[in-house]
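One structure is given here, and the rest of the page talks about it.
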Amino acid sequence: MKIYFLIVFVVFIVGQSQGQCDKDKMQNTNKPAASSTMPNQGKETPKFDRLPDGIKPDTKIRKDTENDKGEVVTFEVITAEQRLNELKAGYEGEKLVDSKGREIKFFEPLCRGVSQGFEEDEKARKEKEKELAELEKKYTVIVLYCDPQKVM
């Protein structure tokens, strides 16, 4: 049985090396049509190319799901780019804005590995909650994800 798989594998490799499956030589291989009307041909500019320092399109963020009372029921971790696409974000000048024209801000939550003691932790948590509430009054806020495994 092992010999059979070895023979099939060798035949496959030999077929590849002879150019039978060479994508560059085959026609209709999903290559973009060569056109002089395509700007930036060969260079893809990301949709969100002016994000704040430390934020990349693949940065993990936390998307909360709330109930009718405004309490967080569940959350999921998605990328910043996915969330910005959900918000139909774009740029107005240098500002990143949502579809309603509100400026978007990123918020880094309290993320600790070692406790400073109950009182200190509670004080820091309340300060961060207050800061988040103030930001949410003026801006659309995207909360970064605090990965507990990376904090340890």
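So here's what we get for this one:
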item: Residues that are over 25 Å from Phe48 (Cβ atoms) and surrounded by 11 or more Cβ atoms within 10 Å (Cβ to Cβ), drawn from segment 63-91; result: Glu66
item: Only one of Asp64, Asp49, Asp22 that is among the acidic types (Asp, Glu), over 15 Å from Val143 (Cα atoms) and modelled with pLDDT of 60 or more; result: Asp49
item: Every residue from segment 96-125 that is within 20 Å of Ile142 (Cβ to Cβ), in a loop (DSSP other than H, G, I, E, B) and either without any contact (Cβ under 8 Å) to a residue 24 or more places away in the chain or not hydrophobic (A, V, I, L, M, F, W, C) (or both); result: Asp98, Ser99, Lys100, Gly101, Arg102, Glu108, Pro109
item: Search result, residues across segment 68-85 that are more than 15 Å from Val141 (Cα to Cα), modelled with pLDDT of 90 or more and not in a strand (DSSP E or B); result: Asp68
item: Close pairs (6 angstrom Cβ cut-off, 6 or more residues apart or separate chains): farther than 16 Å from Asp147 by Cα in segment 55-74, surrounded by 11 or more Cβ atoms within 10 Å (Cβ to Cβ) and hydrophobic (A, V, I, L, M, F, W, C) anywhere; result: Pro57/Phe48; Pro57/Ala80
item: Qualifying residue in segment 122-130 (condition: surrounded by 13 or more Cβ atoms within 10 Å (Cβ to Cβ), out of contact with any His (no Cβ under 6 Å at 6 or more places or on another chain) and over 26 Å from Leu51 (Cα atoms)); result: yes
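The values are calculated or read from the model by the stated rules, or taken from the named source; none is laboratory data. Because the structure is a prediction, the values reported are computed rather than measured. Positions of Cβ are backbone-derived with ideal geometry, glycine not excepted, and every protein chain shown enters the neighbour counts.
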